[in-house]
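The values are calculated or read from the model by the stated rules, or taken from the named source; none is laboratory data. Small disclaimer: the values here were computed from a predicted structure and weren't measured. Heads up, the Cβs are rebuilt from the backbone with ideal geometry, glycines too, and the neighbour counts pull from every protein chain shown. Areas reflect the complete protein model, heavy atoms only, side chains present, ligands, DNA and RNA absent. Shrake-Rupley method; radii C 1.70, N 1.55, O 1.52, S 1.80 Å.
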Amino acid sequence: VQLQASGGGLVQAGGSLRLSCAAPGQLFALNVMAWHRQAPGKERERVALIDSLSGGFKKYADSVKGRFTISRDNAKNTVYLQMNNLKPEDTGVYYCSRGVIPGPGDWGQGTQVTVSS
């Protein structure tokens, strides 16, 4: 079942956005979840990952450390990405994924984030 990402938009540099990703299914809590982004003309890169269950382990790309925070609410089958102090280079389409090695059905449709300078 497709994941549903939302929360993107247009924001000025220094602003904040919170992305949400709803992942249907009874096994949500058992899945590693991640956020990725793809900037125009660039390959998709993973920006944040959170492990299963309590989400005690998190990993961030160096470019977003200290600015982005990934979290999860297993009761709502939702993973979040809080993005603060946004920069123009954060512009791109943000995708959520499910699992350690996401398959074709483990990706959200993407939400556009545009940061103006």
- Query: Of all residues in region 88-106, which are touching a Gly at 6+ places or on another chain (Cβ under 8 Å) and either open to solvent by 30 Å² or more (accessible area, probe 1.4 Å) or without any contact (Cβ under 8 Å) to a residue 60 or more places away in the chain (or both)?
  - Reply: VAL93, TYR95, ASP106
- Query: If you check every pair at least six apart or on different chains, which have Cβ atoms under 7 Å apart with a residue in region 16-33 that is more than 13 Å from MET83 (Cβ to Cβ) first and a residue that is open to solvent by 40 Å² or more (accessible area, probe 1.4 Å) and among the hydrophobic types (A, V, I, L, M, F, W, C) second?
  - Reply: PRO24/VAL1; GLY25/VAL1; ALA29/LEU53; VAL32/VAL100
- Quick one: which of SER54, SER116 is under 20 Å from SER16 (Cβ atoms), out of contact with any helix residue (DSSP H, G or I) (no Cβ under 6 Å at 6 or more places or on another chain) and exposed (fewer than 15 other Cβ atoms within 10 Å of the Cβ)? SER116
- Message: Quick check on GLY41: is it open to solvent by less than 20 Å² (accessible area, probe 1.4 Å) and on the phi > 0 side of the Ramachandran plot?
- Response: no
- Message: Which pairs turn up if I take residues in region 50-67 that are in contact (Cβ under 8 Å) with a residue 24 or more places away in the chain and within 14 Å of VAL100 (Cα to Cα) and look for partners that are open to solvent by 40 Å² or more (accessible area, probe 1.4 Å) and in a loop (DSSP other than H, G, I, E, B) with beta carbon separation below 9 Å, at least 6 apart in sequence or on another chain?
- Response: ILE50/GLY56; ILE50/PHE57
- Message: Looking for something in contact with a strand residue (DSSP E or B) (Cβ under 6 Å, 6 or more places away or on another chain), part of a loop (DSSP other than H, G, I, E, B) and under 19 Å from GLN4 (Cα atoms) - is there at least one such residue anywhere in region 86-103?
- Response: no
- Task: Report, by residue number, each residue of region 59-75 that is surrounded by fewer than 15 Cβ atoms within 10 Å (Cβ to Cβ) and under 22 Å from ASN85 (Cβ atoms).
- Result: LYS59, ASP62, SER63, LYS65, GLY66
- Could you grab me the full set of residues in region 1-23 that are open to solvent by 30 Å² or more (accessible area, probe 1.4 Å) and more than 16 Å from the chain's Cα centre (by Cα)? VAL1, LEU10, GLN12, ALA13, GLY14
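Can you say whether ALA34 is surrounded by 20 or more Cβ atoms within 10 Å (Cβ to Cβ), of a type outside the set (Val, Ile, Thr), closer than 20 Å to GLN109 by Cβ and modelled with pLDDT under 95, as far as the supplied structure shows?
Working: surrounded by 20 or more Cβ atoms within 10 Å (Cβ to Cβ): yes; of a type outside the set (Val, Ile, Thr): yes; closer than 20 Å to GLN109 by Cβ: yes; modelled with pLDDT under 95: no.
So ALA34 does not fit the description; no.
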